[in-house]
Amino acid sequence: MASSAAGPAWLRVPDDANALAQHVWPARTHRDADGRLVVGGVTATSLAERFGTPLYVVDETDARARAARIRTAFERAAASVGTGATVYYAGKAFLSGAVVRWVTEEGLGVDVATGGELAVALAAGADPVRIGFHGNNKSIAEIERGVAAGVGAIIIDSEVEIERVADAAARAGRVQRVRLRVNSGVHASTHEFLATAHEDQKFGVSLERAAELGERIRSHASLDFLGLHCHIGSQIFDSAGFAESAERLLAAHAELARVAPVPELNLGGGFGIAYTSADEPAPIEEIALGIAEAVARACRAHDVPVPRLAFEPGRSIIGPAGITLYTVGTTKPVPIEGGWRHYVSVDGGMSDNLRTALYGADYTVRVASRVSEEPPALVRVVGKHCESGDIVVDADYLPHDVAPGDLLAVAATGAYCWSLANNYNHVPRPPVVAVRDGVARVIVRGETEADLLARDAGLDAVVGGEASDRMSASVASDSEEGATA
Ligand code: LLP
């Protein structure tokens, strides 16, 4: 390969392009005596042989440990200011039956954002009382399902939803606990936050109307008002934005608390993780304490009791616990300013990891099947899709002799990769395998081409059998309806 140009400013040329930055990979990820990557006690090569690539791999022990650590951090921080904390796992990051069981066993509730996520959480046996149900446009049917299931809280996102949830609860003869999502005007990302009068986005009600709408909720006998909710953004590295947001919410909270007790304050999720060695989020214990102290200070200033605190981390629990394995198909040096960039094409891409294309996200990649003494080369790992923006890892260094047949591992893909996966170019979505103590098991089966063909109503002849019977049955019932109308 030709010699490398320099990468982006944040990316240092590594002394050793085989090295694994500890805070980027699942805990205890290492290389065995033959240089093969080992995750959860299983070699990446044996996973690839058994399950194929691309492959999502989640380290169960690591995910559980993060769930437990984060729960404990918030509970301790809350206790230090004389209150308690409830932690929900934000299922949108990655939801499957196994993950629901892990987080539930680690003492967390589950936060769902759609009827589909609710269905998974319930089917996996999550206690409905410990489910929070979000969404800025829940259908009436979704609200009814939430109420019927007995979810612990529905998060009301807009004025119109107050009556919708109240009516659904009244129809079901229930009193539904609710939170009110508020747009605090604070938006945070990594170490910076922006605080304005209004944040220009679709979620929540404005801060100025929070107290009035809280009272409106209280006027419904079928609703039980738990408190305010706010989520300020994602991939946040410290407590400053949360503290600012909590202080702002506390004015409305206090106004409501002077009329009747407001038991809770939910500050959402968004705690950041290291995607690359340049990312250094503060320890969650420090963030939790910073938030709890800011809430306590604001409560003192407003002379109201410190409410119970609630949080909804997703990425920080499952993100670092997951990696993706790919096989290299082709490599190609491309001349760029000052040298060469080596394009390394893998057998997946923007269908299994949309984050790079969608957000310009950065990732870390290593060769997983071997080590090499070759010097580092600047690489861009790209997928197999028909789009030049189909990039998995925009910039990292791999040994100069990276070649077709090598197995690559991309770190920190546990959150928002499988959940954003798609079938662009009719590429089936890969399976998810959990590893623990040297044992690997499929927790979500991969799609097959037959799965893709089976949904195509224009392929009756190819699909045949049961699927085509189902399709003609639904066509028949459609035309019957048409005939009656
Ligand atoms: N609670 C609420 C109300 C949320 O909207 C979210 C994320 C969370 C909790 C969990 O946030 P986390 O702790 O996972 O950052 N697809 C984007 C992230 C979208 C997050 C949407 N809401 C990404 O891949 O970066």
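The values are calculated or read from the model by the stated rules, or taken from the named source; none is laboratory data. Everything numeric here is computed off the predicted structure, so don't read it as measured data. Quick reminder, even Gly has a Cβ in these numbers, built from the backbone with ideal geometry, and neighbours come from all protein chains shown. The protein model used for the area step is the full one, side chains on, heavy atoms only, and it has no ligands, DNA or RNA in it. Shrake-Rupley method; radii C 1.70, N 1.55, O 1.52, S 1.80 Å.
Is it the case that some residue within region 125-143 is among the acidic types (Asp, Glu), within 14 Å of the ligand (Cβ to nearest atom) and either more than 17 Å from TYR88 (Cβ to Cβ) or modelled with pLDDT of 95 or more (or both)? Talk me through it step by step, then tell me what you get.
Step one: filter region 125-143 for residues among the acidic types (Asp, Glu), giving 127, 142.
Keeping just the survivors that are within 14 Å of the ligand (Cβ to nearest atom) gives none.
No, there is no match, as no residue in region 125-143 is among the acidic types (Asp, Glu), within 14 Å of the ligand (Cβ to nearest atom) and either more than 17 Å from TYR88 (Cβ to Cβ) or modelled with pLDDT of 95 or more (or both).
May I ask you to verify whether TYR424 is open to solvent by 10 Å² or more (accessible area, probe 1.4 Å), out of contact with any strand residue (DSSP E or B) (no Cβ under 8 Å at 6 or more places or on another chain) and under 21 Å from TRP25 (Cβ atoms)? Walk me through it before giving the result.
On the way: open to solvent by 10 Å² or more (accessible area, probe 1.4 Å): yes; out of contact with any strand residue (DSSP E or B) (no Cβ under 8 Å at 6 or more places or on another chain): yes; under 21 Å from TRP25 (Cβ atoms): no.
Against the criterion (open to solvent by 10 Å² or more (accessible area, probe 1.4 Å), out of contact with any strand residue (DSSP E or B) (no Cβ under 8 Å at 6 or more places or on another chain) and under 21 Å from TRP25 (Cβ atoms)), TYR424 does not qualify.
Checking each residue in region 215-230 for being under 32 Å from the mean Cα position of the chain (by Cα) and assigned to a helix (DSSP H, G or I) picks out only ILE217. For region 380-414, a residue qualifies if it is open to solvent by 10 Å² or more (accessible area, probe 1.4 Å) and among the polar types (S, T, N, Q), and exactly one does: SER388. The residue that is nearest to the ligand (Cβ to nearest atom), counting only those in region 231-272 that are surrounded by fewer than 24 Cβ atoms within 10 Å (Cβ to Cβ) and in a strand (DSSP E or B), is SER234.
Condition test on CYS417, is it in a loop (DSSP other than H, G, I, E, B), out of contact with any strand residue (DSSP E or B) (no Cβ under 6 Å at 6 or more places or on another chain) and open to solvent by less than 10 Å² (accessible area, probe 1.4 Å)? Break it down stepwise before answering.
Details: in a loop (DSSP other than H, G, I, E, B): yes; out of contact with any strand residue (DSSP E or B) (no Cβ under 6 Å at 6 or more places or on another chain): yes; open to solvent by less than 10 Å² (accessible area, probe 1.4 Å): yes.
When the stated conditions are applied, CYS417 passes them.
Within the set GLY125, GLY115, GLY146, the sole residue that is assigned by TED's automatic domain parsing to the domain that holds GLY204, touching a Phe, Trp or Tyr at 6+ places or on another chain (Cβ under 7 Å) and among the small types (Gly, Ala, Ser) turns out to be GLY146.
Would you mind finding the one in THR276, THR324, THR330 that is under 30 Å from LEU407 (Cα atoms), of a type in the set (Ser, Thr, Tyr) and open to solvent by 50 Å² or more (accessible area, probe 1.4 Å)? Reasoning before the result, please.
Details: THR276 fails: open to solvent by 50 Å² or more (accessible area, probe 1.4 Å); THR324 fails: open to solvent by 50 Å² or more (accessible area, probe 1.4 Å).
Checking each option against the conditions leaves just THR330.
Here GLY116 clears all of (1) away from the ligand (no atom under 16 Å from the Cβ); (2) without any contact (Cβ under 8 Å) to a residue 60 or more places away in the chain; (3) farther than 24 Å from VAL295 by Cβ; (4) surrounded by fewer than 17 Cβ atoms within 10 Å (Cβ to Cβ) except the condition numbered (1). Selection of first residues in region 60-80 that are under 16 Å from THR29 (Cβ atoms) and of second residues that are of a type in the set (S, T, N, Q) and open to solvent by less than 60 Å² (accessible area, probe 1.4 Å), restricted to Cβ pairs under 7 Å at least 6 apart or on distinct chains, gives the following pairs, ordered by first then second residue: ARG66/SER316.
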